[in-house]
Amino acid sequence: MKRAKKYILLALFFSIPLAPKVSTLLTILFILLCLWEIRKIDFRVIKGYRDFSIYIIIYVFLLIGLLYSIDVDTGLSKIQTQVSLFIFPIFLGSSVFSRKDRDDFMSSFVYGTLITLGLAFLNAAYRFYQSGTTYIVDELSRKHSIFFYDEFSKFLDLHPTYFSLYLSLALFFLIFTKNSKNHFSKFSRIGLSIFLFVGLFFTSSKAGIFSFLLIITGYLIYQAVITKHRNYIYFLVILLMGGSVMLFMNPVLVTRTQQMVSSMNKVVIGGDEVKESTGIRLNLWYLSLVTAQEKLAFGYGTGSVFKALNENCIHFYSFSTCEGLRNKNSHNEYLNFLLSNGLLVLILFISALAIGLIRAIKNRDILSVLFLTFMIFNFFFESLLQRERGVLFFSIFVVMLSITQKKQFIKSFNER
């Protein structure tokens, strides 16, 4: 049974970037196998990982939030979407897997990410061959490059934000995990890392790219100071030079970065209403904060974010600006929890993230530290747990990386 679970999980990790519908089917199959052995689930292990218990409690609060939600239909959809917050802490969190299993799971995920990226490049090349141009024109006469941003992975129904998350985690593993020699040799890791790094910039996701560079830069500087090894500085220089080259070779990312800086100046300093992604995001953050103040304790109920923001927007912005903000979430996972389920759930969520990060630091688990730091940063810019791609990605990795950190930690509970 354990071997069957591992094979299903290997297929699940492989399918996460490639085929979300397959991931859903594999998740259901994994649950059925776990239910078959439900009596063997050791809840003491789950309790030992305090953040697992908190994620389960958060999901219970989401269920309770349906009772007073101002949009029950959307709330029911969110309950279904976010069920991974409940499933994986219980069923995967009570499982025992080794560091070798971690390497297998991560390698399977890397293979899936590589195939996804390869398909994206092949699709863009085929479209270029068919049309003879790197651009397409939409119904509003706007030009979009088939090699960058949403057009790059659109045929896979994969948004650049989530694609950048997958690519970044694969890079973290290939660059900083030394015990994966059974899957990737030193030279293959270098070549594949370059390929993934280029793909990351082709997504043109501002949050994903800049958070990746920021976290990597901070980690390398820290290691250089602690160890006094110059190799970290050399690698940092190469990384930043490569990032600079990729930045200026990507016209879409250059334009989006310039618009981001301009929008921040106009909205934050000038108080203007800017209809650009960064300006819209800043307006949504402010609108979420002022709207949440009316029901700070318990929020407006699960699935209520769209409706709450729509109804309150006109009190703070003009009609034309509200049209640009209509039917959008907070674009910030922390504000999304605050608005939908209140301050208590937000505190629980932040506590779970902090517990997981502190444990990873204590266990000196570089991959877990980088993953959690990366997700904590990206939660500021996207409501990543509001879509199945995001919540499945976060839940399964935060649990898998935790249970494979320190084998003795798990054994201690089994021996009691």
By residue number, the members of region 147-174 that are over 14 Å from the mean Cα position of the chain (by Cα) and either open to solvent by 20 Å² or more (accessible area, probe 1.4 Å) or not hydrophobic (A, V, I, L, M, F, W, C) (or both) are Phe147, Phe148, Tyr149, Asp150, Glu151, Ser153, Lys154, Phe155, Leu156, Asp157
Just give me the residues in region 12-22 being part of a helix (DSSP H, G or I) and either of a type in the set (Phe, Trp, Tyr) or within 11 Å of Phe109 (Cβ to Cβ) (or both), in sequence order.
-> Leu12, Phe13, Phe14, Ser15
Has region 103-115 got at least one residue that is over 21 Å from the mean Cα position of the chain (by Cα) and either open to solvent by 40 Å² or more (accessible area, probe 1.4 Å) or free of Cβ contacts under 8 Å to residues at least 12 places away in the same chain (or both)?
-> no
Subset of region 201-215 [without any contact (Cβ under 8 Å) to a residue 40 or more places away in the chain and open to solvent by less than 40 Å² (accessible area, probe 1.4 Å)] | Leu213
Identify, from the list Met249, Met241, the residue that is open to solvent by 80 Å² or more (accessible area, probe 1.4 Å), touching a Phe, Trp or Tyr at 6+ places or on another chain (Cβ under 9 Å) and farther than 17 Å from Phe176 by Cβ.
-> Met249
Failed condition for Ser95, given (1) among the hydroxyl-bearing types (Ser, Thr, Tyr); (2) assigned to a helix (DSSP H, G or I); (3) under 26 Å from Ile358 (Cα atoms), with all others met?
-> (2)
Condition test on Gln259, is it under 30 Å from Leu66 (Cβ atoms) and either open to solvent by 20 Å² or more (accessible area, probe 1.4 Å) or modelled with pLDDT under 80 (or both)?
-> no
Ile28 passes all but one of the listed conditions (1) closer than 13 Å to Leu92 by Cα; (2) open to solvent by 50 Å² or more (accessible area, probe 1.4 Å); (3) over 26 Å from the mean Cα position of the chain (by Cα); the exception is number (3)
Restrict the check to region 308-324 and report whether at least one residue is surrounded by fewer than 22 Cβ atoms within 10 Å (Cβ to Cβ), modelled with pLDDT of 85 or more and under 21 Å from the mean Cα position of the chain (by Cα).
-> no
Based on what the data block shows, is Phe349 surrounded by 20 or more Cβ atoms within 10 Å (Cβ to Cβ), of a type in the set (Phe, Trp, Tyr) and at pLDDT 95 or above?
-> yes
Considering Ile57, Ile46, Ile28, Ile90, which residue is in contact (Cβ under 8 Å) with a residue 60 or more places away in the chain and part of a helix (DSSP H, G or I)?
-> Ile57
Applying the selection to region 35-72, what residues are surrounded by fewer than 16 Cβ atoms within 10 Å (Cβ to Cβ), closer than 20 Å to Ile347 by Cα and charged (D, E, K, R)?
-> Lys47, Arg50
Is it the case that Arg127 is touching a strand residue (DSSP E or B) at 6+ places or on another chain (Cβ under 9 Å) and either free of Cβ contacts under 8 Å to residues at least 40 places away in the same chain or part of a helix (DSSP H, G or I) (or both)?
-> yes
Can you pull out the residues in region 285-327 that are free of Cβ contacts under 8 Å to residues at least 24 places away in the same chain and among the aromatic types (Phe, Trp, Tyr)?
-> Phe319
Note down all Cβ pairs under 8 Å where the first residue falls in region 182-195 and is among the hydrophobic types (A, V, I, L, M, F, W, C), the second is surrounded by 12 or more Cβ atoms within 10 Å (Cβ to Cβ) and assigned to a loop (DSSP other than H, G, I, E, B), and they're at least six residues apart or on different chains.
-> Leu192/Phe184
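The values are calculated or read from the model by the stated rules, or taken from the named source; none is laboratory data. Being a predicted model, the structure only gives us computed values, none of them experimental. Quick reminder, even Gly has a Cβ in these numbers, built from the backbone with ideal geometry, and neighbours come from all protein chains shown. Areas reflect the complete protein model, heavy atoms only, side chains present, ligands, DNA and RNA absent. Shrake-Rupley method; radii C 1.70, N 1.55, O 1.52, S 1.80 Å.
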